[in-house]
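The values are calculated or read from the model by the stated rules, or taken from the named source; none is laboratory data. As the structure is a prediction and not an experimental result, all values here were calculated from the model. Quick reminder, even Gly has a Cβ in these numbers, built from the backbone with ideal geometry, and neighbours come from all protein chains shown. Remember, those area values only see protein heavy atoms, side chains included, never the ligands or the DNA or RNA. Shrake-Rupley method; radii C 1.70, N 1.55, O 1.52, S 1.80 Å.
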Amino acid sequence: MIGVTVLGATGSIGVSTLDVLARHPERFRAVALTANTDAERLAEQCRQHRPQYAVMVDPAAAQRLRALLADLPERPEILTGIEGLEQVAALPEVSYVMAAIVGAAGLRPTLAAAQAGKRVLLANKESLVVAGALLMQAVADSGAELLPIDSEHNAIFQCLPPHFSDGLARVGVRRILLTASGGPFRDWPLERLSSVTPEQACAHPTWEMGRKISVDSATMMNKGLEVIEACWLFGTDTDHIQVVVHPQSVIHSLVQYEDGSVLAQLGNPDMRTPIAHAMGWPERIDSGVTPLDLFSVARLDFQAPDFARFPCLRLAFEAAHAGGTAPAVLNAANEIAVAAFLEQRIDFPSIAAVVAGTLEALPCESVAGQGLEFLLAVDQRAREQAERLVVARG
Ligand code: NDP
């Protein structure tokens with residue numbers, strides 16, 4: 001029995017993870033489930049999956065969870081705060097940790113799982129964007145396994161040979177082709193973008209996801225964060241990654257080799273496929289996903305990304321290129337700007353403007369030899385600067 005901690009159990013990825021886990025009761029056991037404030041959903045999940053630990057980051061929500069589970073004969077131990085998250089990410093009885101908290105809030109528990117040598121199933125791309133060097137070093141030092149959950153990175157992982165960590169050039173890779181749906185506004189007239197509502201931005205044409213990543217997909221910041229994530233996961237740079245807009249979201253990414261071969265991974269757009277892949281790897285296990293029917297897909301389209309329409313994608317490439325603290329600043333500013341857009345404090349085009357303004361205001365610094373506290377301080381400064389820009393634009 002493999003013990004699993006699901007960080008962010010109440011979210012879109014968390015729910016899909018528990019669905020896959022429940023299909024294999026002889027193989028996996030939920031040891032710990034975590035959430036931020038949604039005590040009601042976490043209580044339902046505790047009743048179904050009977051974990052030993054439940055973490056509510058918010059102390060008031062933890063009290064609600066205690067009350068909601070009062071009648072359960074075998075109640076989970078209820079922990080709170082970020083310390084609770086770190087504790088359940090490193091439990092000895094846990095082998096796999098699904099890192100599915102949204103945003104930089106996922107960094108500390110993800111790092112704790114890596115330091116404890118777990119198989120880290122990484123959905124929380126923001127932790128690699130903020131602290132890529134630190135996280136990759138922790139994985140190398142502890143012997144942890146880092147398996148990508150993002151459908152694109154999981155596809156690339158599946159298309160690479162097992163020893164790709166020797167260097168992509170050494171295994172004959174020319175470049176990675178990272179696919180993007182282009183989000184809901186791919187074809188909208190540019191002048192209409194200032195009237196976009198949060199509901200329109202969250203109505204993704206092919207994927208059902210949490211609100212933050214849905215907005216990131218609409219601005220294509222999500223693809224920018226994924227470019228940075230791919231650089232860390234596959235030991236490459238932006239010159240060897242091409243973003244390809246592919247509206248059907250059937251090809252999840254491709255790897256182009258020196259001999260002219262291009263390998264792709266295809267499937268219906270359902271996150272249970274990459275989740276089951278990473279949970280079962282190197283075996284293949286059932287995910288519950290409907291098999292792909294190529295006849296109903298019928299056609300696959302590809303376009304180059306439009307950097308004028310999607311300035312966030314350009315900003316992310318620039319931050320990746322600059323390195324140092326730039327990706328952490330980009331990420332923090334984006335989190336503040338997206339939250340402000342969802343609260344209707346700024347309009348859709350202002351997301352990119354806030355991110356650009358924050359990057360301009362905070363000069364890029366080296367992260368060589370720096371630890372977590374330094375990065376968290378950078379993140380905090382960027383959030384404060386971005387908030388000032390939100391207020392100025394709001
Ligand atoms: P959701 O918003 O659906 O869920 C987020 C989860 O994180 C919830 O469990 C939430 O708890 C918890 N959470 C939120 N804030 C905090 C916090 N400050 N501290 C601790 N826990 C917190 O997000 P998604 O599932 O869509 O995305 C999760 C991650 O996976 C993101 O990094 C995203 O980029 C990545 N990802 C998602 C994909 C998808 O299809 N959804 C695809 C690929 C990657 P609560 O419910 O209590 O608020």
### Query
What percent do you get for the relative contact order of region 95-215 when only Cα pairs under 8 Å and 6+ apart count?
17 percent
## Note on the structure
Around Gly117 (Cβ within 14 Å, Cβ-to-Cβ, excluding Gly117; K/R +1, D/E -1) the net charge comes to -1
### Query
Ignoring ligands, DNA and RNA, what percent of the accessible area of the chain is carbon or sulfur (1.4 Å)?
51 percent
#### Entry: Derived scalar couplings ³J(HN,Hα) [region 85-93; Karplus, 6.51 cos²θ - 1.76 cosθ + 1.60; whole Hz; x for Gly, Pro]
5, 5, 5, 6, 6, 10, 4, x, 7
### Task
Kindly provide the trypsin sites (Lys or Arg not before Pro) of region 12-51 that DSSP labels as loop, not H, G, I, E or B, and whose Cβ sees at most 12 other Cβ atoms within 10 Å.
none
### Query
So if we plug the beta-carbon distance of Gln200 and Gln303 into 1/(1 + (r/R0)^6) with R0 = 30 Å, what FRET efficiency do we get, rounded to 0.05?
0.90
### Query
In deg cm²/dmol, rounded to 500, what helix-only [θ] at 222 nm does the chain give when every DSSP H run of at least 4 residues adds -39500 (n - 2.57) and the total is split over its residues?
-14000 deg cm²/dmol
#### Entry: Neighbour cut-off at most 16 other Cβ (10 Å), DSSP loop, GluC sites (Glu not before Pro), region 12-92
Glu26, Glu74
### Message
Suppose every Lys and Arg Cβ carries +1 and every Asp and Glu Cβ carries -1, with no other charges. What dipole size does the chain come out with about its Cα centre, to the nearest 20 debye?
### Response
300 debye
## Note on the structure
Given a 1.4 Å probe, the accessible area of the chain per residue, as a whole number of Å², is 41 Å²
### Query
Check Ile2: other-chain or 5+ apart residues with amide H under 5 Å from its amide H, H built from backbone geometry?
Phe28, Arg29
### Task
Report the label-to-label distance for Thr37 and Glu318 in nanometres (one decimal), using points 7 Å from each Cα along the Cα→Cβ vector.
3.3 nm
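For the chain, what class follows from the C-alpha gyration tensor (a ≥ b ≥ c being the square roots of its eigenvalues): rounded when a/c is under 1.5, otherwise prolate if a/b is larger than b/c, else oblate? Mind showing how you got there, number by number?
Working: a/c = 1.38, a/b = 1.16, b/c = 1.19.
Since a/c stays below 1.5, the shape of the chain is classed as rounded.
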### Query
Of the peptides 271-281, 116-126, how do they stack up when ordered by the mean number of other Cβ atoms within 10 Å, highest first?
116-126, 271-281
### Query
Given Gln63, Phe28, Pro76, which one lies farthest toward the positive end of the charge dipole of region 1-100, if we put +1 on the Cβ of every Lys and Arg and -1 on the Cβ of every Asp and Glu?
Phe28
### Message
Can you compute 3J(HN,Hα) from phi for each residue in region 30-44, using the Karplus curve 6.51 cos²θ - 1.76 cosθ + 1.60 with θ = phi - 60°, rounded to whole Hz and x for Gly and Pro?
### Response
6, 8, 9, 10, 10, 8, 9, 10, 7, 5, 5, 5, 5, 4, 4
### Query
Which whole-Hz couplings ³J(HN,Hα) result when phi for each residue of region 5-13 is put into the Karplus expression 6.51 cos²θ - 1.76 cosθ + 1.60, θ = phi - 60°, listed in order with x for Gly and Pro?
9, 10, 7, x, 5, 7, x, 4, 5
### Task
Among DSSP beta bridges lying fully in the chain, give the percent that are antiparallel, nearest 5.
25 percent
### Task
Scan around Arg175 for amide H atoms under 5 Å from its own, H built in the peptide plane at 1.01 Å from N, and keep only partners 5 or more places away or cross-chain.
Gln256
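First obtain the Kirkwood hydrodynamic radius of region 244-371 from its Cα pairs, then insert it into the Stokes-Einstein equation at 25 °C and 0.890 mPa s, and state the resulting D in µm² per second as a whole number. Before the final figure, lay out the partial values.
Numbers: Rh = 18.2 Å.
My calculation gives 135 µm²/s for D.
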### Task
Enumerate the lysines that Lys223 could reach by cross-link, defined here as Cα to Cα under 24 Å, with residues fewer than 8 away along the same chain left out.
Lys125, Lys212
### Query
Assuming R0 = 56 Å, what is the FRET efficiency of Ala133 and Glu44, from their Cβ-Cβ distance, to the nearest 0.05?
0.90
### Query
By average Cβ neighbour count within 10 Å, what is the ranking of 364-375, 129-140, 230-241 from highest down?
129-140, 230-241, 364-375
### Most positive-pole-ward Cα, Ala361, Val289, Ser249, against dipole of the chain from beta carbon charges
Val289
### Additional length obtainable on full extension of the chain from Ser366 to Arg170, 0.36 nm per residue less Cα span
67.7 nm
